[in-house]
Ligand SMILES: [Fe+2]
């Protein structure tokens, strides 16, 4: 573990032993600390991830019909973000006609966030790991008092927002907060690392639940896989945070 990583853990006052530190670092878990880009090479294009592990009754609260329709929507975002990034890069910035260019930029943020947030959403669904553990449990208890309180905030934001509800580590404070996004590209917080993502758009539940959003929110919570949430928090804690983030 790097010194900076260790300082961040100590700053939180959550872990008391060297053994605990080593088992909770992103590097110790065997993950690539470069953010998923191996060997420092950038990705040439976005590739849609597959979430077929969620089909066939793996989730208690979601039908295959609902999920496959949602996967198709996500894959559309992947196609669009590849197209938009290519268009933007090829634009001649000496051209005074920027109407299309402005539109591409507006859509770029929307499609990128739409793709990434859906990956985080599908990624934190699953049939396993229903128990909250370790650093994640300690931090949720510290910042919300209980898991029930965090879930209450996440579901309430999900109910009143039309886009996304997410729990994220705030790099400025080192605390977990819940944020509401009205659209993929509206009310997006900066310097935060999402760890638990809830899709609050109607398309996420209309096939299975019609207009009963409350039932959907309950089903989502029951189908959360807490392991990826733990892993995302470990990733987030391996990055420097605090005063330094706004230097
Ligand atoms: Fe969605």
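Each value in this text was obtained by applying a stated rule to the coordinates, not by laboratory testing. The model shown is predicted, which means the values in this text are computed figures rather than measured ones. No Cβ is skipped: glycine too gets one built from the backbone with ideal geometry, and neighbour counts run over all protein chains shown.
The alpha carbon convex hull volume per residue for region 62-247 rounds to 132 Å³.
Give me the Debye-computed log₁₀ of I(q)/I(0) at q = 0.31 Å⁻¹ for region 55-107, equal point scatterers on Cα only, no solvent, two decimals. Values, matching the q order: -1.13. Here the extension length gained between residue 91 and residue 65 equals 5.4 nm, from 0.36 nm per residue of separation less the Cα-Cα distance.
Residues 104, 164, arranged from fewest to most other Cβ atoms within 10 angstrom of their Cβ, appear as 104, 164.
Fewest neighbouring Cβ atoms within 10 Å first, the residues 153, 184 line up as 153, 184. Ordered by the number of other Cβ atoms lying within 10 Å of each residue's own Cβ, fewest first, 229, 247 fall into the sequence 247, 229.
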